[in-house]
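The structure under discussion appears below in the form of structure tokens.
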Amino acid sequence: MSQPARIKAGSDPAERALRASAWEKNPRVPIPGGRSPNKRPRRENRHGRELRGFVIPPTLPGYRTRSERFDGLVLAVVERLEYAWARQLDGTEFAVEDVPPSDPARWETGGVPLGRYFPAQPGVPPRIVLYRRPIESRARTSDELIFMVRNILVEQVAHLLGKRPDEVDPGYGFF
């Protein structure tokens, strides 16, 4: 019986071509087939179709999402109110939620609430919550959005302080 032909190490044409190529001489050059010299799969896209950076640079206004812009607007109005009513608003939490809960409070009849004041309870500070989506859907321009956020926050703070909204902010109700 004849013995099977023994293949010498390095006699495979692909192996010889690989040894003679740049891949063996330079370990930084990737091996064909998506593997690096240490036999791990390559992570970068070899066709150059991956994202190369920001789609919108952070310096442009479009970089922030609508919810981030709305949060920034609410913070600016809250800072202005806290400057005027710092002692009375100490410990009050301000929050933004996307939509109001589906179960309205007993006293809320009719439409969708745009904001709510939750009085303090044992262990829980008073909270004022604004609902972003209903407010944004009612505002046609960014000026209207600023006007609505300011007025809703002033109304809720006035409710918290037991005052009229025009006492809290003399500009209440004016565009």
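Each value in this text was obtained by applying a stated rule to the coordinates, not by laboratory testing. As the structure is a prediction and not an experimental result, all values here were calculated from the model. Glycine gets a Cβ as well: all are built from the backbone with ideal geometry, and neighbour counts include every protein chain shown.
Shape analysis of region 108-175 yields a ratio of the Cα radius of gyration to the Kirkwood radius, Rg/Rh, of 1.00.
Positive end of the dipole of region 61-168 (Cβ unit charges, origin at the Cα centre): among I152, L81, S142, the Cα lying farthest that way belongs to S142. Potential lengthening of the chain between S137 and V112 amounts to 7.9 nm, from the contour at 0.36 nm per residue minus the alpha-carbon distance.
FRET efficiency for the T59 to Q88 pair, using the beta carbon distance and R₀ = 35 Å, is estimated at 0.40. For region 61-168, report the translational diffusion coefficient in µm²/s to the nearest whole number, using Stokes-Einstein at 20 °C, 1.002 mPa s, and a Kirkwood Rh over Cα pairs. Value of D from the Cα-based Kirkwood radius: 147 µm²/s. Could you compute the FRET efficiency for K163 and S102, with r as their C-beta to C-beta distance and R0 at 35 Å, rounded to 0.05? In this case the efficiency is close to 0.65.
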